Structure formats: C-alpha cells, structure tokens
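Visitor: The structure is given below, and queries will be raised subsequently.
Bear in mind that the values in this text are calculations on the coordinates, not laboratory data. Just so you know, these numbers come straight off a predicted model, no measurement behind them. Here the Cβ positions follow ideal geometry from the backbone for every residue, glycine too, while neighbour counts run over all protein chains shown.
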Amino acid sequence: MTEALPVLLVFVPFLAGLGQFVLGRAVPWSQQFVSGFNLLLVLLLLRAVAGGEPVIADLGGWGEPLAIHLQADGLATLMLLLTAVLAVAISLYAIPAFGGHARSAWQFWTLWPLLLGSLNALFLSRDLFNIYVTLELVTLAAIPLVLLAGPRKTVDAALRYLLFALLGSLIYLAGVALLYAQAGTLDLALLPAATPTGSLAGPLAAALIITGILIKGAILPFHIWLPAAHGGAPAAVSAILSALVVKAAIYLLLRLWTGALEPLVSIAAGQLLGLLGASAVLFGSWQAFRQSRLKLVVAYSTVAQLGYMLLFFPMAVTAAWQGAVYHGLAHGVAKAALFLAAGNLLYYLGQDRLEALRGIDRPLAVSLLAFGLAGVSIMGLPPSGGFTAKWLLLTASLQTGQWWWTAALVAGGLLAAGYIFRVLRLAFLQSAEPAERRDGPVPGRLMAWTATALALLAIGLGLISAPLLDLLGDIPGGGS
C-alpha cells in the first residue's frame, strides 16, 4: 500500500482536473475534497518516510537502467507537505474569490488540480527526463492561470513567462542530452557513479542544466518575467506561483547539486550561485521597497527571498542545507499569506496602489493582521520559521568562515523590514476621506481567515522545526 502513495499523489489530481474539464463547469467543493485527500496521502507518506527509508514506486516493471521510479525521501516529502497544505488553503480562498466569475472559476478549478499533480510528479521523479516532462507540465498549467485576471492585464506578462520558460527548458534539455551521451542513464541514483569526470562534456552538461533551472526559477538576472506575472495574476494564482512554482525549480537545483551533479560541480560554481543569491536578496528587497503597488512589493520580495536559498551552495554544510530547505518552507507559507492578504485589500479597494491603503485598518483588520504576521517571517524575526531558517544559514556562514554571507542575511532582513513596515504604516494612516470599496467583492471571512491561518502557520514553523529538520536529515553526499 505504501508504494502506491506516490502514484496516487500524481494521478488523483490529474484525474480531478480532467474530470473538471469534461464537466464544463466549476464544482469547487469537489476540488476541495481532492485537496484534502491529497493532504491525507502526503501525511501517510510522511509517516512512512519518517521510518528512515525512502518510499519508492516502480512504474512499468522494467529493470535498471530503464526503470521509471517515483521516490519520496525527506526532502521530497517536505515539499509535498508544503504543496498539500497550501493546496487546501488556496482552494478554500479561491471558492469565494472566483465565485462570481463562472468561466474563470471553471478554468481555475481545471488548471489548479493539473498543476498540483504536476508539482507532485516533479518532487517525486527520479529521472532527469521525467523531471523535464513535469517541468513542462507545470509551465503549461501555470501560464494560463496568469491570464485569469484578464488578457488585457496579463497577456504581455504571460508571453514573457512563456518565452523564458521555453528558453530554460531548451537549455535544460540540452544539458540532459549531453549528460545522457556521457553516462548512458538519466536515473538520479545511477548518475553519480556512471558520469565520467575526465572530460569537459560533464561540467558543460551540468552548467546547462543549472542555467536552465535558474531561468525557470526566476533567479537574478533571469527574474524579468516574475514581477509582472505574479503582480498581475489573481491573488490565489500569485500565491501558487510564488510559494510553489518557482520554489519547484530551486528544489530541483538542491536535489541535483547534492546528488546527480555532485561529481561535476565545483567550489567556484557554488560561490557564483551564492553571489547570485546575495545579489537577488539585495536587489529584490530594494526593488520591493521602491514599488508603488502592493502586489509588486510582494512580487519583488519573492525575487529576494529565493536568493536566500542559493546561499546553501557556497557553504554546502548541513546547517546551510537545513536552512535553505527550511527557508523554502517558511517562505512558501508566508508568501502565500502575503499574496492572499494583498488580494483582499485589492478586492476591497479596486486597486493595489499603496497610497490607497490609508484608513483601511478597521475594515480590513484581519487581512492586515495576516500581512503583518507573514511579514514577521519574511523579515526573519523570532519565533517565526523565517528566523529559524536564517539562523541556520547564519550559523553555516560562521561555521565555514564565510562571514560575507552573514552581511547579506542581515541586510536582507533590514530591507524586508523596510518594505513590510512601509505597507503597514500607510494602512494605519488616516486619510482625509474614508476608504471606500469601488470594485470587486468585499473579502469575506473565509478569504480573510485563510490568509491569517497561513500567516500563523509561518510563525508556528519556528516552534515545530525540530521534527521537520529531523525528517530532512543531514546534507546528502557526505557534507559536514
């Protein structure tokens, strides 16, 4: 039964999305059942993986090296858990958010389960080509979701997203082809021993694969498509894109760097990725501080927060490994809360310009509470999950004698405080005229408290970190 869990996690959401498409109309509560069932499957898988051994599903019955495996270890299970929890919360939020738009609702409830199944498949895949296929499925489901805000608002952003995604896919696939020519296998478990290290072809293949993933993950300087796509999409979609879709690319980079590509990467490459990460932290935070639209503040914050995860690569010790992964979890929950809270403000005001936030502290008190609590984790203040993650990264920087990464961590936290408190300050300032709703529905309790629940979870992750870090374990590949 345990071996069937990875298979169910892939195919149940796919079947739900296809069923919704055939039905031709939105049935949101049935999709909420799918999200709940997906969470139950992940919890069962987590219990199995916590026993100490990965869960492996063998598809097709072929022997090595042709076998197709789905594998759940500590890292994959944590990403599945993040996805499952956010799937339940975002689905609850989307019920009233899309309730008055029948066509958009049908499109969302068709595409969202397909994206959920694609993300599950990506986290479970143990083959470089199957990972390529799942990356494409994620892209093909995510881009139409961006357009749900209306073609006039998001068509340029969606096209830019598509072009960058295609470029990243082609570069990644070129690296996979070159690596297959060298090793004769694409199985992640077999590649380290099968890949020759004496030629330039192997490092070139690794460089192509890493570059393709960086483009897919919108890592500086390949971030150009992200702010417009995330800032223009509906709030529920922005939460999915920021918390999960770009995070999947960083997960893949962590997975390959500590496994299949480990014999091919160098210390210099790790330092370069760290430099990109630190640059993303500073540039993204500064751009977030400069924005005049709330959703663009949160979108540029994503550029910055993804940079923290790249600080693992120059340090490559267990503390950095745990800090990077835990930051991915804390950021995913907190950023989803920020986007949902920002969506509530937008629905109430009919716009998301910061100057329009004056005087909304009373009518949208719960949503502002969610924004502030999620901001605590984004800033890295105790006792949040963001604090735990950044403390681990800081410990790793001191442990390895690379103090300059500490400077990036501290500067990023201060800049994050700047743009979070800027939003809250404006929201609590009184305007000459009372804030009035102009467009869109007033956010109801379900929308407001879903965002708040995620924000509270972002804080709670700092209090329950021990069992999750135990599940993750030490850095693969023998790091200290």
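Visitor: Check residue 353: other-chain or 5+ apart residues with amide H under 5 Å from its amide H, H built from backbone geometry?
Guide: 294
Visitor: By how many nm would the segment from residue 411 to residue 43 grow when fully extended, if each residue of separation counts as 0.36 nm and the alpha-carbon distance is taken off? All intermediate terms of the calculation are to be shown ahead of the outcome.
Guide: Numbers: separation 368, 0.36 × 368 = 132.48 nm, distance 3.70 nm.
That pair, residue 411 and residue 43, stretches by 128.8 nm at full extension.
Visitor: So if we plug the beta-carbon distance of residue 103 and residue 30 into 1/(1 + (r/R0)^6) with R0 = 22 Å, what FRET efficiency do we get, rounded to 0.05? If you can, show how the numbers build up before the last one.
Guide: Working: r = 18 Å, r/R0 = 0.81.
The formula returns an efficiency of 0.80 here.
Visitor: To make sure I understand, if each residue's beta carbon is the centre and we count other beta carbons within 10 Å, what order do 285, 465 fall in, fewest to most?
Guide: Working: 285 26, 465 22.
Sorted ascending by nearby Cβ count, the order is 465, 285.
Visitor: Follow-up. Using a basic spin-label model with each label point 7 Å from the Cα along Cα→Cβ, how many nm lie between residue 170 and residue 53?
Guide: 4.5 nm
Visitor: Find, to one decimal place in angstroms, the Kirkwood hydrodynamic radius of the chain, where the mean of 1/r is taken over every pair of different Cα atoms and then inverted.
Guide: On the way: mean 1/r = 0.0449 Å⁻¹.
Kirkwood radius, the chain: 22.3 Å.
Visitor: Which of rounded, prolate, oblate describes segment 330-431, given a ≥ b ≥ c as roots of the alpha-carbon gyration tensor eigenvalues and a/c under 1.5 marking rounded, otherwise prolate only if a/b is larger than b/c?
Guide: Details: a/c = 3.23, a/b = 2.41, b/c = 1.34.
It comes out prolate by the Cα gyration axes.
Visitor: Need one number: nm distance between label points at residue 1 and residue 180, each 7 Å from Cα along Cα→Cβ, rounded to one decimal.
Guide: 3.8 nm
Visitor: Using 0.36 nm per residue, how much length does the chain from residue 204 to residue 292 gain when fully extended, once their Cα-Cα distance is taken away? Each step should come with its number before you reach the end.
Guide: On the way: separation 88, 0.36 × 88 = 31.68 nm, distance 4.18 nm.
The residue 204-residue 292 span can extend by a further 27.5 nm.
Visitor: On a 0 to 90° scale, report how tilted helix 74-97 is relative to the longest principal axis of the chain, with both axes built from alpha carbons and the result rounded to the nearest 10.
Guide: Once rounded, one gets 30 degrees.
Visitor: List, in order, the whole-Hz ³J(HN,Hα) value for each residue of segment 12-20 obtained from phi through the Karplus relation with A = 6.51, B = -1.76, C = 1.60 and θ = phi - 60°; use x for Gly and Pro.
Guide: Per-residue couplings from phi come out as 4, x, 4, 5, 5, x, 5, x, 5 Hz.
Visitor: Could I ask something else about it? Quick query: amide H of residue 126 versus all other amide H atoms, modeled in the peptide plane; which residues come in under 5 Å with a sequence gap of 5 or more or a different chain?
Guide: 69, 71
Visitor: Between segment 229-302 and segment 348-371, how many Å separate their Cα centres?
Guide: 27 Å
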